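The values are calculated or read from the model by the stated rules, or taken from the named source; none is laboratory data. Bear in mind the structure is a predicted one, so any value in this text is a computation, not a measurement. Backbone-built Cβ (ideal geometry, glycine too); neighbour counts: all protein chains shown.
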């Protein structure tokens, strides 16, 4: 895959291509937007475009050279910057084995990016490039930098090694220290409109639930293409029912499943509140679960539903502090029973 294959992020891609074309690359970028929207995919292909040997040759020779792939040109024959997706550099970056491109993500039970990881990155960046023009570090879920790691990383941002480029990826940039955010050029990624998402799903999948997937994904193409998305949605409703009833022996499997459930819970509460306020199934996102939503809404007050949404969102924010899973489960169950009633 190349930059031209990324769908629905023309503004972000145009900005990044312009930086390459004008040779005005920032030393650090912050890719922001919802999870599953294409930030990491863009970061990978941006790194490929920076280090692609075919891309470099075509760009340096300019429009005098005829390109075999006409898709790399606009109608007025201006060269569009992209990777070839076939050279050894592109292949290595795709496989995460390129010696000059580093991928960092939270590790361990706490899900943090630690100072040890940042120190290792600093050492790698201090060396000359082995085979690429740029050393690139892609830091995923950058809001999970712990305090020590953030302090160490700030020094790298203030004194970046020559020909190095840092890409921070975050769906919650407000959790990243201001001192780091202010030193990065922000690139914003946007959800796809419902109509465009539905049309793309018709082209890309055999699933007939195009509209439902579009609504559930909220414009996040990566989520919409996930084969088990509807199944995971259904599991979240089963868990919500369990939390309102007898919770003996039930719980989330791990931290990731906890975080995902709290995201789905907001969607269920949205539909319950909408049905309670308007009694209109046409406004539901989970329209195929009308009966369950109607049943739950009958046992709740609208103000309590909205208050519950705020409380669950607060818990979700605190999950990054490694809350006890069992205590969180029991506390959430009590909140649901108080606001939505007990379910047999």
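For segment 206-237: of the residues being more than 26 Å from residue 329 (Cβ to Cβ) and over 18 Å from the mean Cα position of the chain (by Cα), which is modelled with the highest pLDDT? Among residues in segment 206-237 that are more than 26 Å from residue 329 (Cβ to Cβ) and over 18 Å from the mean Cα position of the chain (by Cα), the one modelled with the highest pLDDT is 212. Scanning segment 181-208 for residues that are within 27 Å of residue 321 (Cα to Cα) and either surrounded by fewer than 21 Cβ atoms within 10 Å (Cβ to Cβ) or without any contact (Cβ under 8 Å) to a residue 40 or more places away in the chain (or both) yields 181, 182, 183, 186, 188. In this entry, residue 39 passes the filter for residues that are buried (at least 21 other Cβ atoms within 10 Å of the Cβ), assigned by TED's automatic domain parsing to the domain that holds residue 169, within 23 Å of residue 192 (Cα to Cα) and modelled with pLDDT of 50 or more. For segment 106-127, a residue qualifies if it is assigned to a loop (DSSP other than H, G, I, E, B) and within 19 Å of residue 155 (Cα to Cα), and the qualifying residues are 114, 127.
Limited to segment 284-305, what total is found for residues that are part of a helix (DSSP H, G or I), more than 24 Å from residue 209 (Cα to Cα) and in contact with a helix residue (DSSP H, G or I) (Cβ under 6 Å, 6 or more places away or on another chain)? Summing the residues that are part of a helix (DSSP H, G or I), more than 24 Å from residue 209 (Cα to Cα) and in contact with a helix residue (DSSP H, G or I) (Cβ under 6 Å, 6 or more places away or on another chain) in segment 284-305 gives 5.
Return a yes/no flag: does segment 268-275 have any residue that is touching a helix residue (DSSP H, G or I) at 6+ places or on another chain (Cβ under 7 Å), over 30 Å from residue 208 (Cα atoms) and touching a residue at least 40 places away in the same chain (Cβ under 8 Å). Full working, then the answer.
Narrowing segment 268-275 to residues touching a helix residue (DSSP H, G or I) at 6+ places or on another chain (Cβ under 7 Å): 268-269, 271-275.
Checking which are over 30 Å from residue 208 (Cα atoms) leaves us with none.
Looking for residues that are touching a helix residue (DSSP H, G or I) at 6+ places or on another chain (Cβ under 7 Å), over 30 Å from residue 208 (Cα atoms) and touching a residue at least 40 places away in the same chain (Cβ under 8 Å), one finds none in segment 268-275, hence no.
For segment 4-28, how many residues are surrounded by fewer than 23 Cβ atoms within 10 Å (Cβ to Cβ) and not in a helix (DSSP H, G or I)? Total meeting the criteria: 10. Here residue 312 fulfils each of the conditions (1) in contact with a helix residue (DSSP H, G or I) (Cβ under 7 Å, 6 or more places away or on another chain); (2) in a loop (DSSP other than H, G, I, E, B) apart from (2).
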